[in-house]
Structures are given as structure tokens and as C-alpha cells.
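Structure first, commentary second.
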Amino acid sequence: MSFRDTFESGITEFNEGEYFACHDTLEEIWRAIRGESRRFFQGIIHAAAGLLHIERGNLPGSVSQLGKAIDKLRDYPSPHLGVDLERLLADLTPLREKLGRALEQGAPAPSDLRFPTISYTPDPLGFSALEAANDEHE
Amino acid sequence: MSIYITTDCINCGACEPECPNTAIYEGGANWSLAGVAYGPTDPAPSGANDFWSADYFYIVPDKCTECVGFHDEPQCAAVCPVDVCLPDPNHVESKEELELKVEYLNLVDTSRLRN
């Protein structure tokens with residue numbers, strides 16, 4: 001399966017709330033890839049892990065992982081490889097802040113959280129360039 | 001310094017098969033060294049007793065050499081997709097101490113080594 005096909009499967013899983021499966025799928029790309037987009041894929045993995053931790057009731061884990069997602073993803077222009085990062089970061093940032101406040105107060109995760117989805121527009125040229133750059137790294 | 005796994009772990013298990021010392025265990029599992037099995041309340045031979053986890057993969061500091069003797073970098077950290085394998089400030093060791101640990105482990109527990 002190409003990076004693009006795998007990535008699109010991971011995005012679908014993310015948007016369906018299948019966060020562990022999403023992490024598993026994107027990990028395949030993250031492991032295989034070298035170069036500047038590696039942290040981008042890991043950023044999406046962190047976001048999925050953060051949302052997974054919310055579901056599992058791990059508040060410190062969610063705050064930490066969402067923070068790592070934001071730190072990595074904000075290094076990229078939006079869109080990147082078809083992902084509307086501006087929107088994703090605009091969703092993740094207040095979510096992390098809300099969870100962080102709950103953590104500081106020793107409260108459980110709020111029950112009215114809105115889990116973000118990823119807005120994605122296929123970017124075949126971007127993925128072709130990614131595959132070519134990765135071939136050069138190998 | 002050994003490596004430890006933070007509570008950010010999502011239990012994907014990527015790290016466990018990469019450890020050349022078999023120092024990583026799934027949460028809730030007993031661990032072993034030199035043929036002796038240890039449970040959740042048993043201290044390690046070094047006295048360390050703060051590493052066992054019921055919920056997340058954990059690393060036994062007495063068995064972790066930060067991959068000294070095997071690789072250039074800790075393999076658990078290299079394969080962890082969520083960056084939760086970190087240097088453990090509670091178990092700090094110099095490179096020389098880690099090299100001695102490898103020698104010690106090779107004397108007492110060759111069975112720990114992966115093929």
C-alpha cells in the first residue's frame with residue numbers, strides 16, 4: 001500500500017474515533033519514512049494518542065500527548081499533505097487547554113469535550129514528492 | 001541511566017520486542033532476572049522498587065543498559081511512536097556503569113538475550 005493510501009486509511013480511522021487503529025496505521029508510515037515530514041506523521045499519531053487517553057480516562061496522558069501533537073504539527077504550513085492543519089490546531093489547542101485546566105484542578109476530564117476530526121483534501125502531488133524524497137533517503 | 005516508560009504509554013507494545021535485554025514487560029506481568037521471578041511488590045536486586053506497573057509497559061532498571069553493548073541508541077525510544085521512553089532520573093548511571101552492568105548481566109543471565 002502506498003504512503004497515501006495508508007495515510008488516508010489512518011485519517012478515516014481518526015475521523016471515526018478509532019484512535020488506536022489510527023495510531024497503528026500511521027505508525028507504519030512513521031517507521032518507514034525519513035526526512036522532514038516524519039514529525040508531521042508523528043504529530044498526528046500524538047493527536048490520536050491524546051484522544052485515546054481521554055477515552056481511557058488518562059487525563060495527564062491526554063494533556064501530554066496533545067501537547068506533543070501541537071508542538072510538532074505547528075512546525076508545518078497548512079495544508080500539509082492535504083491536512084488542514086490550521087483547523088486541526090485550532091481544535092486541538094483549546095481542547096488541550098481545557099484538559100490542562102481540569103488536570104490542574106484535580107478534576108476529571110470535562111464531559112462536554114468535542115473530539116476534533118481531520119479535514120483532508122487528497123494531495124497526490126504532495127505524496128508523490130514525499131515518496132520520491134523518501135526513496136532518495138534510502 | 002536506565003530508561004522508563006511514562007504514563008503517556010498507549011500500550012501498543014512496539015518497544016517490548018526491540019529490547020535486547022528483555023528488560024521491558026507488559027503492565028501487570030511479572031519479570032525475571034537470572035532465573036528468578038519477581039512480582040509487583042518485590043524489589044529488584046539493586047533495591048529499585050518503583051518501576052513495576054499494572055497498567056503500562058514498564059522497564060526493569062536492573063536489566064536496562066540503555067542499549068549500551070548492543071546499539072547506538074535506546075531501541076525502545078527509537079521505535080516508540082508517542083515518545084514515552086525517557087531517561088529515568090531516578091536511576092542515573094554513567095556509560096561506564098552501564099558497560100559494567102552489561103558485563104554483570106552477561107555473567108548472571110545470558111538467557112535474557114534475544115536471538
Query - So residue A:28, is it in contact with a Ser or Thr (Cβ under 8 Å, 6 or more places away or on another chain), part of a helix (DSSP H, G or I), closer than 24 Å to residue B:86 by Cα and of a type in the set (Asp, Glu) - result: yes
Query raised in the report: Across the stretch B:1-18, what is the total count of residues that are touching a Pro at 6+ places or on another chain (Cβ under 9 Å) and away from chain A (no Cβ under 14 Å)?
Result: 4
Report task. Test residue A:5 against the criterion of being part of a loop (DSSP other than H, G, I, E, B), surrounded by fewer than 23 Cβ atoms within 10 Å (Cβ to Cβ) and over 12 Å from the mean Cα position of the chain (by Cα), and give yes or no. Result -> no
Query raised in the report: Pairs, please: C-beta under 7 Å, at least 6 apart or cross-chain, first residue within 29 Å of residue A:105 (Cα to Cα) and at the interface with chain B (Cβ under 7 Å from one of its Cβ atoms) and in the stretch A:32-60, second among the aliphatic types (A, V, I, L, M) and in a helix (DSSP H, G or I)?
Result: A:45/A:26; A:46/A:69; A:60/A:103
Report task. Hey, could you check the stretch B:32-47 for residues that are under 18 Å from residue B:102 (Cβ atoms) and not small (Gly, Ala, Ser) and say which is surrounded by the fewest Cβ atoms within 10 Å (Cβ to Cβ)? Result -> B:45
Query raised in the report: Would it be correct to say that residue A:84 is closer than 30 Å to residue A:125 by Cβ, within 14 Å of chain B (Cβ to nearest Cβ) and among the acidic types (Asp, Glu)?
Result: no
Report task. Mind telling me which of the residues A:38, A:74, A:56 ends up being more than 20 Å from residue A:99 (Cα to Cα) and either surrounded by fewer than 18 Cβ atoms within 10 Å (Cβ to Cβ) or among the aromatic types (Phe, Trp, Tyr) (or both)? Result -> A:38
Query raised in the report: Considering only the stretch A:55-105, how many residues are over 30 Å from residue A:129 (Cβ atoms) and either touching a helix residue (DSSP H, G or I) at 6+ places or on another chain (Cβ under 8 Å) or in a helix (DSSP H, G or I) (or both)?
Result: 20
Query raised in the report: In the stretch B:25-52, which residues are among the small types (Gly, Ala, Ser), out of contact with any Asp or Glu (no Cβ under 9 Å at 6 or more places or on another chain) and touching a residue at least 24 places away in the same chain (Cβ under 8 Å)?
Result: none
Requested in this report: Quick one: residue B:53 ticks every box in (1) among the small types (Gly, Ala, Ser); (2) more than 29 Å from residue A:24 (Cα to Cα); (3) within 13 Å of another protein chain (Cβ to nearest Cβ) except a single one, so which number is it?
Outcome: (2)
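All of the numbers you see were taken from the coordinates with simple rules; none came from a lab. Owing to the predicted nature of the structure, the values given are computational and were not obtained by experimental measurement. For neighbour counting, all protein chains shown are included, and Cβ atoms are generated from backbone atoms with ideal geometry for every residue, glycine included.
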